[in-house]
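Here is the structure we will look at, set down as structure tokens.
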């Protein structure tokens, strides 16, 4: 079975540019989570969805970050405008019933 | 945000040795999860625990849900080189919030 799919795997962009990260969750899972991982702060939950509806976005750093889930098989995380401090690895995870979360391979974002 | 106390922060052991790591929380959890992360990859779920006192094994790995519901440990027996990586604990509280609280990880190095 296919796991969580994320694209792109690597993204290098200049400060001020818009960045869009994509995620396809495991089929049948009803929860989707977006995380950011850095050495200093570890894994941080940014936002999660249940049945395509955002439930908790308290971890979204600021208005520059937005996330959507237009259907059960696709979600995006957008950063506009990007800043160097946004450089991190961004993970998408999905879950059935919201307990055991299964992670994608991540997108390594570098903002110069 | 809230984080779990995970220890030790790092371990360097000889192949064949047993390993033990643990996580503690100031809050009660209903679920404990243990993950392993290899470089450049997303965390992979190793063991899920749902009941206080529960002891669960997955091959050479054994994890327990503390009786107080505020701690959990993970043991690896007879370590091998492929056990190298970062191990994370995560806890989930009661109620409808599906947010996981994460430890900062235990980095394991195995000397062949």
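Counting pairwise Cα distances across chain A, what percent come out greater than 22 angstrom? Here the long-distance tail beyond 22 Å is 24 percent of all Cα pairs in chain A.
Hydrodynamic estimate: the Kirkwood radius of region B:53-112 over Cα pairs, inserted into Stokes-Einstein at 20 °C and 1.002 mPa s, corresponds to D of 162 µm²/s. Between B:14, B:64, B:37, the residue with the greatest mean-square fluctuation in the GNM of chain B (Cα pairs under 10 Å linked by springs) is B:14.
If r is the Cβ-Cβ distance from residue B:68 to residue B:13 and R0 is 35 Å, what FRET efficiency results, to the nearest 0.05? Using R0 = 35 Å, I get an efficiency of 0.80. Dividing the mean sequence gap of close Cα pairs (under 8 Å, 6+ apart) by how many residues chain B holds gives a relative contact order of 37 percent. Orientation-averaged projection of chain B equals 6.7 nm² [convex hull of Cα atoms, one quarter of hull surface area]. Ellipsoid fit via the Cα gyration tensor, the protein assembly as shown: semi-axes of 30, 20, 16 Å, each the root of five times an eigenvalue, largest first.
With a 10 Å cut-off between alpha carbons and a GNM built on chain A, which of A:69, A:39, A:60 moves the most? Judging by the Gaussian network model, the answer is A:39. Put in order of Cβ neighbour count within 10 Å, fewest first, the listed residues B:67, B:101, A:5, B:76 become B:67, A:5, B:101, B:76. Please report how far the C-alpha centroid of region B:1-53 lies from that of region B:79-108, rounded to the nearest whole angstrom. Between the Cα centre of region B:1-53 and that of region B:79-108, the gap is 4 Å.
Here, each number is a calculation from the coordinates, and none is a lab measurement. These numbers come from a predicted model, not from an experiment. Cβ atoms come from the backbone with ideal geometry, glycine included; neighbour counts cover every protein chain shown.
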